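What follows draws every value from the coordinates through simple rules; no lab data is involved. None of these values were measured; they are calculated from a predicted model. Heads up, the Cβs are rebuilt from the backbone with ideal geometry, glycines too, and the neighbour counts pull from every protein chain shown.
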Amino acid sequence: MDIHASEKEQLEAIKKWWKDNGSSIITGLLLGVSILLGGKAWFSYQETQALSASNIYAQMMAAANNDEAEMVRKQASELITNYTSSAYAPLAALLLAKLAVQDNELAAAQAQLQWALDHAASTEVKHTARLRLLRVTIEQQQYESAAQLLSAVTDPGAYRYLYSELEGDLAMAQNKPEQAARAYKQAIDQMPAQAANQAFLTAKYENVSGAADPSQ
């Protein structure tokens, strides 16, 4: 703009510029406000969903502690159906699987455990689901599927010895005692000193190998 122009010319230039650009500025401002408000609404919705899922999970666990199986199933199903992306849904599937095993409904338990494995975000929950799924799969004599589950484990971490034990269980189910003995021995070598199932695992190894001392 010419600095020597009269005030009238400057005002006319400003009016013209606003006429040419004002609508796009207003549109941009309105868009920014709508995005801001929409973002706040989305976060509010997420917080509400998380709180609701947490409350349902608490009710489910209370029902489980009181042996109210039907209430557990109702709350767990709601978490899985309506709060699928929450951290509580895979935990609900694990609990449904436990109930199914107690009722000797192994196929139903297998389906719930597979769902938990597929949807869990937590590494710990994934390992828990996979280990339980392995046990149910072996129990149903689905040995090839169990072997595939074991081979898919790439980072067992602190669960390594449990996978080795299940490798031994799979070998025993297939009548392969030498392979089972190696897997059990490996599990014993890998397990923490204070592991709760140490005595049971040692007994399994001694039973299949005939060794008096599992450290040999």
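Just a few scattered comments:
- Highest-first arrangement of 115-126, 81-92, where packing means the average Cβ count within 10 Å: 81-92, 115-126
- Efficiency of FRET between Glu70 and Tyr143 - r from beta-carbon atoms, R0 41 angstrom, step 0.05: 0.75
- Phe200-Asp103 pseudo-label distance in nm [points 7 Å out on the Cα-to-Cβ vector]: 2.4
- Amide proton proximity set for Ala195, modelled H, under 5 Å, gap of 5+: none
- FRET E, pair Thr154, Lys176, Förster distance 30 Å, beta-carbon r, rounded to 0.05: 0.80
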